[in-house]
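The structure under discussion appears below in the form of structure tokens.
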């Protein structure tokens, strides 16, 4: 969301501008971190569809953030100052939104803000996980190491998402193609054949009658059907972007046969990866768990990890808290966490958990790819056969009448 603000600085100067933040409280915190006394703060409301369309074309992809982070880490390791590194990255960036954000980062740092304070002004681009790790690294003086950790983490996350996405692209494409062809046959071919079958008085199978009725309906109302489908898709997208919709989708996705188990492994891998990186960056365990919950991409896991973080703050062992959340975390996670607590190598154990489940995901995706193709061929073969049977059987009966 974008907010328009008017405020005064410590010296009493008037300042007016815009701030991007997920909610009003976050906007107030961002402005407060810049030592501004807020006079007014108003949300800029725009049409959701146009706003969503604009955000789609101006969004910063994970790949862009990963490349930026990797280049930034490399420059910092070469002992280039943060400001000079950002100026070089500003010149190299091709994404206009990210380019503008980098320019604002350099301006803020020139004005005396820290890197994490500057990043907080761009929460639409940089996640809480990203910002908190940088903030912790600034305290310990290990910013270049933190950027290296973040670059590695983003690379692994992108690789994981790509694997899952690639496994689903082929079946989605084939199913969409079949639906399009079936729609053309039902909407335009069958209505042309209907008068012939009616005049011949030939015996018509039940499936042909169903498809003829569906074809007549589609032929008469195809514009309304398209409008309804587009409106339905837009409404579903908006709903699943809401908190209730996200929770419903997360709950449903975890119950899908085969895929549900894979999604659980994906979330556990993200959790283990992020916690390992955060603990290495010096962030306290409870805070690292909560940040990981916000970055994991599942409302259910976010709630679960919030409960775990509260239990840890109350003095309970992390392994015990994770074991209690057995609906989301397999027993091996709690067991390996307990070993890490005893040996004092918790971050290494989480790293091993992440690698273990990464291999599991690779195996599951490979098996899915091998299973999906023959299954699709059988299912689509049956459906195509029914479509052609609905056409050919009445034609055969028609010929028999002569």
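The values are calculated or read from the model by the stated rules, or taken from the named source; none is laboratory data. Since the structure is predicted, the reported quantities are computational estimates derived from the model, not experimental observations. Don't worry about glycine lacking a Cβ; one is built from the backbone with ideal geometry, like all the others, and counts go over all protein chains shown.
Among the candidates 375, 364, single out the residue that is farther than 18 Å from residue 157 by Cα and part of a helix (DSSP H, G or I).
Result of the check over 375, 364: 375.
Candidates 167, 180, 202: the one that is in a helix (DSSP H, G or I), closer than 29 Å to residue 381 by Cα and modelled with pLDDT under 75 is 167.
For the stretch 206-250, the tally of residues that are surrounded by 14 or more Cβ atoms within 10 Å (Cβ to Cβ) and part of a loop (DSSP other than H, G, I, E, B) stands at 0. When the criteria are applied in full, residue 339 meets the requirement of being surrounded by fewer than 19 Cβ atoms within 10 Å (Cβ to Cβ) and either touching a strand residue (DSSP E or B) at 6+ places or on another chain (Cβ under 9 Å) or over 30 Å from residue 183 (Cβ atoms) (or both).
Only one residue in 311, 304 is in contact (Cβ under 8 Å) with a residue 24 or more places away in the chain, in the same structural domain as residue 262 (by TED's automatic domain parsing) and in a helix (DSSP H, G or I). Which one? Checking each option against the conditions leaves just 304. Residue count for the stretch 277-289 under the criterion of being closer than 14 Å to residue 322 by Cβ and surrounded by fewer than 24 Cβ atoms within 10 Å (Cβ to Cβ): the result is 2. Among the residues of the stretch 251-261, just one is part of a loop (DSSP other than H, G, I, E, B) and crowded, with 16+ Cβ neighbours inside 10 Å, namely 254. Considering the stretch 90-140, the residues that are touching a residue at least 60 places away in the same chain (Cβ under 8 Å) and farther than 20 Å from residue 151 by Cα include one that is surrounded by the fewest Cβ atoms within 10 Å (Cβ to Cβ), namely 113.
Could we say that residue 186 is surrounded by 13 or more Cβ atoms within 10 Å (Cβ to Cβ) and either out of contact with any strand residue (DSSP E or B) (no Cβ under 8 Å at 6 or more places or on another chain) or in a helix (DSSP H, G or I) (or both) here? Give the steps one after another, and end with the answer.
Values: surrounded by 13 or more Cβ atoms within 10 Å (Cβ to Cβ): yes; either out of contact with any strand residue (DSSP E or B) (no Cβ under 8 Å at 6 or more places or on another chain) or in a helix (DSSP H, G or I) (or both): yes.
Against the criterion (surrounded by 13 or more Cβ atoms within 10 Å (Cβ to Cβ) and either out of contact with any strand residue (DSSP E or B) (no Cβ under 8 Å at 6 or more places or on another chain) or in a helix (DSSP H, G or I) (or both)), residue 186 qualifies.
Residues in the stretch 280-301 that are over 22 Å from the mean Cα position of the chain (by Cα) and without any contact (Cβ under 8 Å) to a residue 60 or more places away in the chain: 284, 286.
Per the conditions (1) surrounded by 15 or more Cβ atoms within 10 Å (Cβ to Cβ); (2) over 30 Å from residue 183 (Cβ atoms); (3) more than 19 Å from the chain's Cα centre (by Cα), the sole criterion not satisfied by residue 306 is (1).
Looking only at the stretch 364-389, which residues are under 22 Å from the mean Cα position of the chain (by Cα) and free of Cβ contacts under 8 Å to residues at least 24 places away in the same chain? Outline the logic, then answer.
So in the stretch 364-389, the residues under 22 Å from the mean Cα position of the chain (by Cα) come out as 364-366, 368-369.
Once the filter is applied, which keeps residues that are under 22 Å from the mean Cα position of the chain (by Cα) and free of Cβ contacts under 8 Å to residues at least 24 places away in the same chain, the stretch 364-389 yields only 366.
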